[in-house]
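K.L.:
The structure's right below; bear with me while I get my questions together.
What follows draws every value from the coordinates through simple rules; no lab data is involved. Here the structure is a predicted model, which is why all the values come from computation and not from measurement. Ideal geometry is used to build each Cβ from the backbone, glycine not excepted, and the neighbour counts take in all protein chains shown.
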Amino acid sequence: MNKLLDVKNLSIHFTQYTKGLHKRILPVIHHLDLDINRQEIMAVLGSSGSGKSLLAHAILGILPENSTVNGTIAYKGEQLTEEKKLLLRGKEIRFIPQSVTYLDPLMKIGKQVQLSISDKKEAQRLQEDIFSQYLLQPEVAELYPFELSGGMTRRVLIASAVIGDSTLIIADEPTPGLDKEALTEVLQCFTDLREKGKSILMITHDIEAAMDIADRIAIFYAGITIEIANKADFHGDGKQLRHPYTKALWRALPENGFHPIQGNQPSPLDGTTGCPFHPRCPFAKDLCREQLPEFQTAGNGKVRCHYYEELQENNNDFKN
């Protein structure tokens, strides 16, 4: 069995209390689907508020107490319960956080990287080995976080995540703010990890970084998975892509003609029914407004669109 992680029909909502202690349910994610194979890099793309980071937190079991999760998350073919998440988190499943503030500002870097290894002598040896692999000089172990450059900080976060025997690495926005050289270093780290048998879930806004290293790319929109495509489908004018939003995202890049579309991603409070993209989609019909499409296999990928076959056949696009 090649599948390592399988997320099906995941939904997350938060319970909030407003003035007068009025209870409000905020549905931030629904119908999220994703699977990751062994030794694969899966990139997750989507704008802010699309549910990318919440997916990571749900897998890790670090959502806040006012959250409710439905759907299934399977790891190595078994249900990933909250108890198993606690056992696997920081061991088989590791996290590279979005913010560098996850580092303790009062603890030296070497000690922080060693924290997950109980044997102190072994921890120091592994830390020294991992620093050598990621081009971190030995003296970096004696530094504090504020003394690191942006590229060094990202490499330290990666080193903290891969020390020991991890299988799945979840990287939440690992590339923002990096110069070209540091970005290249970080992406090469992920490629090397895949070659060593690791699977990586890379959450990102950066479609170009995803294209550099990912095997497959999942597109999230308004808390829903709308497409999963192979990297090879992102080429030319995007004819191989299946969902209108994915095509629009691809064609909005400057190198692909810069064809932006009007409108914004809906808020969970908007009460949008049907396909969440229908207010912006020039091909939307009544069915799109009334009913959310099923997430279905489409060639070598998956898509959530009622009319993807028709769009593919007619070669419709957003240039008209």
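K.L.:
Grab the Cα-Cα distance for Ser149 and Asn256, subtract it from 0.36 nm times how many residues apart they are, and report the gain in nm with one decimal.
P.N.:
Working: separation 107, 0.36 × 107 = 38.52 nm, distance 3.32 nm.
Computed gain between Ser149 and Asn256 is 35.2 nm.
K.L.:
Still on this structure, I have one more. For the chain, give me the percentage of DSSP beta bridges that are antiparallel, rounded to the nearest 5 percent. It would help to have the intermediate numbers written out before the result.
P.N.:
Values: 33 of 52 bridges.
Antiparallel bridges make up about 65 percent of those DSSP assigns within the chain.
K.L.:
Only loop residues by DSSP count here, and only those with at most 16 other Cβ atoms within 10 Å; note down the chymotrypsin sites (Phe, Trp or Tyr not before Pro) in region 170-274 that meet that.
P.N.:
Working: sites: Phe190, Phe220, Tyr221, Phe234, Tyr245, Trp250, Phe258; in loops: Phe234, Phe258.
Within region 170-274, the qualifying chymotrypsin sites (Phe, Trp or Tyr not before Pro) (loop, at most 16 other Cβ atoms within 10 Å) are Phe258.
K.L.:
Now for a different question. Sort Glu195, Glu65 so the one with the fewest other Cβ atoms within 10 Å of its own Cβ comes first.
P.N.:
Numbers: Glu195 9, Glu65 6.
The order, fewest Cβ neighbours first, is Glu65, Glu195.
K.L.:
Going 7 Å from the Cα of Ser47 toward and past its Cβ, which residues in region 212-236 have a backbone nitrogen under 14 Å from where you end up?
P.N.:
Those under the cut-off are 220-224.
K.L.:
Which aspartates and glutamates, if any, have their Cα less than 16 Å from the Cα of Lys111, not counting same-chain residues under 8 positions apart?
P.N.:
Within reach: Asp119, Glu122, Glu128, Asp129, Glu139, Glu142, Glu147.
K.L.:
Related question: Could you compute how fast region 47-127 diffuses translationally, taking Rh as the Kirkwood radius over C-alpha pairs and applying Stokes-Einstein at 37 °C with viscosity 0.692 mPa s? Give it in µm² per second. Write out the running numbers ahead of the final one.
P.N.:
Values: Rh = 15.0 Å.
It comes out at roughly 219 µm²/s.
K.L.:
Multiply the residue separation of His22 and His205 by 0.36 nm, subtract the distance between their alpha-carbon atoms, and state the gained length in nm to one decimal.
P.N.:
Details: separation 183, 0.36 × 183 = 65.88 nm, distance 3.51 nm.
Contour length minus the Cα-Cα distance gives 62.4 nm.
K.L.:
Quick one: what Rg and Dmax do you get for region 14-91 from the alpha carbons, in Å?
P.N.:
Taking only Cα atoms of region 14-91, I get Rg and Dmax of 14.7, 51 Å.
K.L.:
Per residue of region 250-263, in order, report the coupling 6.51 cos²θ - 1.76 cosθ + 1.60 (Karplus, θ = phi - 60°) as ³J(HN,Hα) in whole Hz, putting x for Gly and Pro.
P.N.:
Those phi angles translate into 5, 7, 7, 5, x, 6, 10, x, 6, 10, x, 10, 7, x Hz.
K.L.:
Where in region 138-177 does the amide nitrogen come within less than 11 Å of the point 7 Å from the Cα of Glu122, taken along Cα to Cβ?
P.N.:
164-165
K.L.:
Same structure, new question: Within 10 Å of each residue's Cβ, count the other Cβ atoms and sort Val100, Val186 from fewest upward.
P.N.:
On the way: Val100 16, Val186 24.
So the residues, fewest neighbours to most, are Val100, Val186.
K.L.:
What whole number of Å gives the distance from the Cα centroid of region 288-314 to the Cα centroid of region 197-259?
P.N.:
Cα centroid of region 197-259 versus Cα centroid of region 288-314: 16 Å apart.
K.L.:
Describe numerically, in nm with one decimal, the distance between label points set 7 Å from Cα along Cα→Cβ at Asp165 and at Asp104.
P.N.:
A separation of 2.6 nm, rounded to one decimal place.
K.L.:
Give, to the nearest whole percent, the P(r) tail of region 237-320 beyond 20 angstrom, counting all Cα pairs. Don't skip to the answer; put the middle values down first.
P.N.:
Numbers: 1169 of 3486 pairs.
Value for region 237-320: 34 percent of Cα pairs lie more than 20 Å apart.
K.L.:
Let me ask something additional. Once both labels are modelled 7 Å past Cα along the beta-carbon direction, what's the Glu290-Glu78 spacing in nm?
P.N.:
Simple spin-label model gives 4.6 nm for this pair.
K.L.:
Along region 226-231, what does the Karplus equation 6.51 cos²θ - 1.76 cosθ + 1.60 (θ = phi - 60°) give for ³J(HN,Hα), rounded to whole Hz, x for Gly and Pro?
P.N.:
Computed from phi, the couplings for region 226-231 are 9, 6, 10, 9, 5, 4 Hz.
K.L.:
Could you sort out which of Lys8/Lys247; Lys76/Lys108; Lys3/Lys121 sit more than 26 Å apart by Cα distance in this structure?
P.N.:
Values: Lys8/Lys247 24 Å; Lys76/Lys108 35 Å; Lys3/Lys121 35 Å.
Among Lys8/Lys247; Lys76/Lys108; Lys3/Lys121, the Cα-Cα distance tops 26 Å for Lys76/Lys108; Lys3/Lys121.
K.L.:
When a footprinting reagent is the concern and you count Cβ atoms within 10 Å, what order do Asp192, Asp215, Asp119 take, fewest first? Spell out each step's value before the answer.
P.N.:
Working: Asp192 14, Asp215 17, Asp119 10.
Fewest to most other Cβ atoms nearby, the residues stand as Asp119, Asp192, Asp215.
K.L.:
Return the long-range amide H neighbours of Val44 (sequence gap of 5 or more, or a different chain), with a cut-off of under 5 Å between placed amide H atoms.
P.N.:
The list, which skips near neighbours in sequence, is Met202, Ile203, Thr204, Ala218.
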